């Protein structure tokens, strides 16, 4: 495996945090930074790897239920006691 060195400037508070995390995880700064970079890259993955939208997850249920008020989403009277126990 070919490796490359990089230089990174951080302020004192980040330096302290880095040292604390290294001690907590029992690893060196370089290894911790590699893990952090990899985690960031994975969290920024292409949309196919992101969770589906709420509509995509329950889309098959839309329009399945009958009854209820026809103006539920637009009439504020339906929310008059919302959140009250």
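It is to be established whether one or more residues within the range 37-45 are in a loop (DSSP other than H, G, I, E, B) and modelled with pLDDT under 95. Looking for residues that are in a loop (DSSP other than H, G, I, E, B) and modelled with pLDDT under 95, one finds at least one in the range 37-45, hence yes. Residues in the range 28-45 that are closer than 16 Å to residue 3 by Cβ and surrounded by 11 or more Cβ atoms within 10 Å (Cβ to Cβ): 29, 30, 31, 32, 33, 34, 35, 37.
Considering the range 1-25, the residues that are over 26 Å from the mean Cα position of the chain (by Cα), in a loop (DSSP other than H, G, I, E, B) and farther than 15 Å from residue 37 by Cβ include one that is modelled with the lowest pLDDT, namely 1.
The values are calculated or read from the model by the stated rules, or taken from the named source; none is laboratory data. Fair warning: this is a prediction, and the values are worked out from it, not measured in the lab. Every residue, glycine among them, receives a Cβ derived from its backbone with ideal geometry; neighbour counts consider all protein chains shown.
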